[in-house]
Each structure stands twice: as C-alpha cells, then as structure tokens.
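Notes to accompany the following structure.
None of the figures in this text is laboratory data; all of them are computed from the coordinates on show. No experiment lies behind these values; they were computed from the predicted model shown. FYI the Cβ positions are ideal-geometry reconstructions off the backbone, even for glycines, and counts take in every protein chain you see.
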Amino acid sequence: MKTNWGFDANDLDTSVRPQDDFYHHAAGGWLKNNPIPKTESRWGSFMELRYNTDKQLRAILSDLETRKTTSRGSSEQLIRDFYRSGMDMKRRNALGGKPLLPFFKQVQGLKSTKDLLALVAELHVIGVGVLWGTAVDQDSKNSTKYALHIYQSGLGMPDRDYYLKDDAESKRVRDAYLPFLEKMFRLIGDTPKVAKANAVTVLALETKLAEASMKKEDARDAEKVYNRKSVPQLSKIAPAIDWARYFKKTGAGAPASVIVMQPEFLSAVSKLLSEVPLTDWKTYLRFHITSDHAGYLSDAFIKTSFSFYGTVLGGAKVMKPLWRRVLNAVNGHLGEPLGKIYVDKHFPKEAKEKMNVLVDDLFEAYEARLKALPWMTPATKKKALRKLASMNRKIGYPDKWKSYATLVVKPDDYVGNATRSALHSHAREMKKLKKPIDRGEWFMFPQTVNAYFAPNLNDIVFPAAILQPPFFNVHADDALNYGSIGTVIGHEITHGFDDQGSKYDHNGNLKSWWTAEDRKSFEKRAEIIKKQYDAYTVADGVHVNGQLTLGENIADLGGFAIAYDAYQLRLKKTGRQDIDGYTPEQRFFLGTALFERENSRPEFQKTQVLTDPHSPSEFRINGPASNMEPFYEAFGVKKGDGLYREPSVRTTVW
C-alpha cells in the first residue's frame with residue numbers, strides 16, 4: 001500500500017517490534033524486496049540512488065555521443081572522448097598490458113636508490129600510490145594558508161592489520177592476496193616461477209611498510225597527524241630521501257615547511273631504502289604500476305583486479321557493466337565538467353530553496369541545543385556558538401567551475417587520458433601552494449550521492465545528487481525530509497563538534513577552545529558511545545571498532561537529535577497531524593531509516609568494520625535511537641525491550 005505522504009508501507013516489517021529493532025521494523029520489508037544485485041557488495045538507498053544517478057549521467061553521455069561536432073577542449077569533447085576511449089574494449093583488449101611498457105622500461109633502467117626515488121616522484125605525479133603520498137590542503141594551524149602534507153601509503157591491501165594480525169578475517173584476505181599478486185605478475189609476462197617469487201617479495205616488503213604504518217585509529221586523530229617540519233628537519237627524519245629534489249620533481253617548488261602526518265613511517269621508509277635490495281623495489285613498483293592501472297587495461301587485468309578487490313574484499317559476484325565502470329573513471333577525472341551538465345539538467349531551483357529552509361531550521365535547533373547543554377560551561381558555549389554561526393553551507397554545486405581547457409583527451413587512448421588528467425589535476429593542486437585559500441572550492445562533485453564537513457573551511461556541503469528521494473523529496477511529508485536529509489545535515493554540522501572536529505576553532509584552526517573541565521565532560525560522554533558501538537558485531541562475530549567509528553557515531557547521534565528538534569520547530573509553524581495512524585514523531589523516525597537501509601555481503605561487512613570510520617547501517621539507526629528519549633516516548637520503549645538502554649548508559653553529546 002502506497003500512501004500520499006512519501007512513505008511506502010510495504011517497506012515495513014511489522015513482524016519486528018520497533019521497540020526491539022527499529023531498523024528492521026522500519027526497513028525490513030524493503031530489505032526483503034531488494035536483494036543485492038550480483039554486481040554489488042551492498043545494496044541500499046545510497047547504492048540505489050547512485051545507480052539512478054549513473055543512469056542519468058549515462059543519458060547525458062549518450063546525448064554527447066550523437067553530437068557530430070564538439071569544439072576541441074570543450075567540456076563536451078573531453079567527456080565524450082574520455083568515455084569513448086574507455087568503452088572501446090576491442091582496442092583495450094588488443095593492447096593488453098602494452099600501455100605499461102614505458103613504465104616498465106623506466107623500472108628496468110633503475111641503477112640506484114637515487115634513480116628509484118626519481119621514478120617514485122614521477123609516479124606520485126600521476127597518482128600511483130607507492131611508499132608515501134603528498135597532498136595540498138590547508139595548514140590546520142594556519143587555515144589561511146595552503147601546505148604540502150606527506151602521508152603514509154604504498155600498501156596493496158586496505159589496512160596494515162591485514163598484514164600483521166592473525167585473526168580469521170586478516171588471514172582469509174592475506175591468503176587470497178598472494179595468489180592475486182602472482183596472477184598480476186603473470187599478466188605482465190613473468191613465468192609462473194618468477195611470478196610466485198615476486199608475489200612473496202611484494203608481500204614481504206609491504207608487510208615491512210605495514211609494520212611502520214600508523215594505526216587507523218591514530219591516523220584520524222587531528223593532533224597526531226599534525227607535525228610541521230622544515231625541510232632540514234624532514235631530511236633528519238628520512239635522510240635517504242633527497243627531499244629538495246623530490247619537491248622540485250613533483251612541482252611543489254621549495255617549501256619552507258611541510259606537514260608530516262606520520263614521521264615514524266617516513267623514518268622507516270628511509271631505512272628500508274638502505275636495507276632492501278633495488279631488485280625488490282623494482283618488483284614492488286612493477287606490481288603497483290600494474291595494479292593502479294588495471295582498470296584502464298584489458299579484460300584480463302580488470303577481472304584479476306576485481307577477483308581480489310571486488311570479490312575477496314567486497315563479496316561482489318559479478319563486475320559492474322562496462323558503461324558504469326567507464327562512467328566511474330570519467331566522473332573521477334572530469335567530475336566538474338560532467339557535474340555542470342548534470343546540474344543544468346537535473347537540479348531544480350525549488351530543491352535548493354526548500355533545502356535552505358530546512359538547513360535554517362537545523363541551525364536554529366542546533367543553536368538552541370548548544371545554549372541549553374547541561375554539561376558545558378558558559379565560556380565554552382560562547383565559543384561553540386561562534387563556531388556554529390561561522391559555519392558555511394554549500395548546496396547543490398559550486399558557484400565557480402574549474403577549467404579543463406588545457407587538458408588533452410583522445411578517443412583512442414584510455415590510459416593516456418587517465419595519465420594526462422592526473423598530471424593536469426596534480427599541477428592544479430601544486431599551484432595552490434602559491435595562492436590564497438579558495439573558500440569556494442568543493443571536494444565532491446555535484447553528481448556525488450554523499451555530503452561532507454570540511455574542518456579547515458568550517459563548511460558543510462551537500463551535492464545536488466543527494467538531494468533526491470528517498471533522502472529529500474520536495475513533495476513528501478516534512479517528517480520524512482527532516483528524518484532523512486535533516487539527519488544528514490545535522491550529522492555534517494555535528495562533525496564540526498565530534499571528537500576530532502571539536503578540536504578546530506571557528507576559523508578552521510586546530511586550536512583548543514575548550515576549558516579542561518568541559519573537554520573532560522565531552523570525553524566522558526564519548527567513551528560511553530565508544531563502548532556501545534564496540535559491543536556491536538557483524539558477520540562471523542567481527543566487532544565494530546568504537547574508536548575508529550567514534551566521530552561518525554557522535555555525528556549520527558547529533559544528527560538525529562538536531563533534526564528532531566528542527567522538525568519540532570517546523571511543526572510549530574505548520575501544525576500537527578497524524579497520518580495513517582502515525583504521529584509526527586513516529587513519522588520522523590521512519591524517515592531516519594529511509595536513507596540507511598542496506599543489505600550487505602558478509603565480506604563487505606567485515607572489510608567495512610576493519611577499515612571504515614562509518615558504522616554498519618543498522619547501528620547507525622538503532623544506535624542513536626536507543627539513546628534518544630523522544631524515541632522511547634514515540635514508540636513506548638520500556639525495560640526489557642531490545643533497544644532499551646538503562647538511563648545511566650544512555651548519552652547525548654550535543
């Protein structure tokens with residue numbers, strides 16, 4: 001039965017009581033009726049909307065295909081020819097691994113560590129992730145300036161734990177990684193015996209890098225990854241690397257200082273450069289060049305890469321169709337030009353206007369909650385309110401679009417297009433080092449189904465593609481919009497006040513604005529959330545990591561609370577009414593489950609909890625709900641119910 005307020009009663013599972021498991025009550029029917037397609041590791045509202053957006057983008061590409069003439073260098077020409085080059089599997093299969101031969105020739109010619117490091121610099125410029133990586137971002141302690149950041153990189157598996165731990169899941173993935181490495185070496189011409197030996201070499205070398213890598217829980221700590229160093233200081237940390245030469249080769253010029261995110265890792269890399277034979281480094285480079293380019297090569301490379309990254313780690317049975325894979329590459333390389341066409345076609349003005357009204361209500365609710373916080377002193381509240389008032393919103397798309405006019409894209413050179421695009425993007429990033437901060441810049445494309453908070457800019461950002469049903473529906477009952485997109489907005493605002501975002505002031509600087517007493521109160525509440533999520537498990541009993549997911553869990557809880565309050569403000573203006581037997585509050589909570597409903601494969605679940613700072617979907621609904629008094633009131637949750645938590649272990653942070 002469909003109702004006219006935007007909620008489909010078939011999505012419910014009334015055999016599950018909302019008091020015991022609200023997620024499966026609100027979404028169980030949808031979950032049963034929407035099995036995971038063979039091409040996917042998971043399937044939910046996010047994935048469905050991404051697929052629908054892909055179909056909209058495919059229609060745009062089909063339209064460009066039919067155009068006989070497009071001026072060289074125009075957005076239309078760049079997008080069309082990049083897409084054509086990827087779709088031409090006949091040519092890609094005929095070429096096989098040949099596009100990589102120039103790289104392999106360079107690797108073969110390496111005679112010294114100096115040569116090796118020169119090639120590492122060249123690979124970094126085109127986005128091949130070996131040894132370490134660099135990025136240009138705002139200086140977290142001087143947000144009015146850009147700084148070069150250096151971070152740990154160079155692993156083929158998603159996290160250090162896969163190399164170092166002996167739990168069942170780490171061993172399962174590691175045991176599959178070795179034959180995958182072998183297959184990759186076979187594809188680039190190695191004999192079975194050599195390929196087997198090379199696989200062992202890469203795993204051993206990457207294990208050494210993993211041992212030196214910072215743990216993921218620490219890598220999300222803003223203070224631990226902020227280590228400003230002069231170039232002479234950097235040279236002391238990693239003396240085997242000629243940093244002045246590296247910076248020159250990568251276009252960074254001669255920076256006075258850099259932000260070293262993991263100094264111990266660079267120190268270990270420096271030692272490894274002296275200890276590991278050059279032949280082993282050559283083997284390591286050959287694998288990473290191959291793996292990072294696999295998606296642009298022939299079917300044999302694509303299928304081999306998918307067998308590990310898609311099936312072993314994600315559980316997907318079948319690859320996505322070619323058009324979606326190529327579209328993904330076009331999105332990655334030409335996201336803004338494609339996004340501009342997408343916005344002109346699919347983002348109505350009324351969506352932005354209604355979204356602004358909703359965001360206004362969220363900010364009003366947040367301000368009221370901050371003023372009323374029982375655990376925070378007036379001095380800290382004043383600074384929190386200042387940060388909230390300084391927060392900038394970006395909705396839909398950027399005001400100014402990036403230029404790609406100098407980029408050369410050919411209809412018959414997929415690997416070359418990817419390389420030239422990476423060079424173009426890298427050059428743009430390096431130029432930032434000499435420019436003032438671009439406060440209008442976006443870090444997602446309009447056609448991306450997602451949202452984010454940027455701590456240094458103090459921005460919340462909502463691309464056009466997320467502002468569609470079921471997240472946001474201009475014709476739906478307000479309760480659903482406040483429950484779905486409202487909690488997303490509240491989530492992103494709360495990132496400014498989560499365990500890491502709260503370390504940045506209103507100007508986006510990593511600078512404490514807390515009294516010691518208030519910080520202690522905050523951390524006490526955060527610890528309760530950490531313990532709650534530590535207790536949740538997924539496939540094969542693998543536990544959620546409460547510390548890794550802490551920021552997202554605080555943001556989820558804040559998002560629910562702020563969106564609920566904002567909806568209460570809206571009800572005062574529109575009046576209350578029950579619909580289909582549901583109170584406004586019950587409809588609000590049904591809205592929260594709309595965007596997080598998701599089926600996922602066991603392999604994906606395990607990879608997610610081991611690597612992703614977001615909790616699995618059901619805990620992103622049941623977790624916050626079980627802490628919220630309004631949820632208990634709306635559904636009459638009592639002691640003995642599945643979601644009941646003793647008042648002493650319930651917590652609200654914001």
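The distance between label points at Lys248 and Val318 comes to 5.5 nm (points 7 Å beyond Cα on the Cα→Cβ vector). Label-to-label distance for Val231 and Lys520 is 4.6 nm, based on points extended 7 Å past Cα in the beta-carbon direction. Angle of helix 113-125 to the longest C-alpha principal axis of the chain, folded into 0 to 90 degrees and rounded to 10: 40°. With a Förster radius of 30 Å applied to the C-beta separation of Leu385 and Ala256, the computed FRET efficiency comes to 0.25. Straight-line cross-link partners of Lys229 among the aspartates and glutamates, defined as a Cα under 17 Å from its Cα and at least 8 positions apart when in the same chain: Asp137, Asp139, Asp242, Glu264. Ranked by the mean number of other Cβ atoms within 10 Å of their residues, highest first, the peptides 174-182, 533-541, 198-206 come out as 198-206, 174-182, 533-541.
A straight chain from Thr14 to Asp578 at 0.36 nm per residue would run longer than the Cα-Cα distance by 201.1 nm.
A Förster radius of 35 Å, combined with the Cβ-Cβ distance separating Lys141 from Asn328, puts the computed FRET efficiency at roughly 0.45.
Report note on the peptides 114-120, 550-556: ranked by the mean count of other C-beta atoms within 10 Å, highest first, their order is 550-556, 114-120.
Which one of Ser307, Trp375, Leu327 has its Cα pushed farthest toward the positive end of the charge dipole of the range 297-432, where Lys and Arg give +1 and Asp and Glu give -1 at the Cβ? Projecting each Cα onto the dipole axis, the largest value belongs to Trp375. For the chain, the longest principal axis of the Cα atoms and the long axis of helix 550-574 meet at an angle of about 40 degrees.
Looking only at the chain, where both bridge partners belong to it, what percent of the DSSP beta bridges are antiparallel (to the nearest 5)? Among the beta bridges of the chain, antiparallel pairing accounts for roughly 75 percent. Adding -39500 (n - 2.57) for every DSSP H run of four residues or longer, then dividing by how many residues the chain holds, sets the calculated 222 nm ellipticity at -17000 deg cm²/dmol. Stretched out straight at 0.36 nm per residue, the stretch from Thr70 to Ala427 would grow longer than its current Cα-Cα span by 125.9 nm. Counting only aspartates and glutamates at least 8 places from Lys638 when in the same chain, those with an alpha carbon closer than 16 Å to its own are Asp20, Asp21, Glu629, Glu646. In straight-distance terms, cross-link reach from Lys208 covers every one of the lysines whose alpha-carbon lies under 20 Å from its own, apart from those fewer than eight places away in the same chain; here that gives Lys165, Lys171, Lys196, Lys216, Lys271, Lys282.
Expressed as an acute angle from 0 to 90° and rounded to the nearest 10, what is the orientation of the C-alpha long axis of helix 192-212 relative to the principal long axis of the chain? Approximately 50 degrees, to the nearest ten. An oblate overall shape is assigned to the range 257-410, the ratio a/c of its alpha-carbon gyration tensor axes (a ≥ b ≥ c) being 1.5 or greater and a/b not exceeding b/c.
Taken along the Cα-to-beta-carbon direction at a fixed 7 Å, the label points for Lys531 and Asp399 span 4.8 nm. Extension gain for Lys208-Lys171 works out to 11.6 nm (0.36 nm per residue, less the C-alpha to C-alpha distance). Charge dipole of the range 98-296 (Cα centre as origin; +1 on each Lys and Arg Cβ, -1 on each Asp and Glu Cβ, all else neutral): 580 debye, rounded to the nearest 20.
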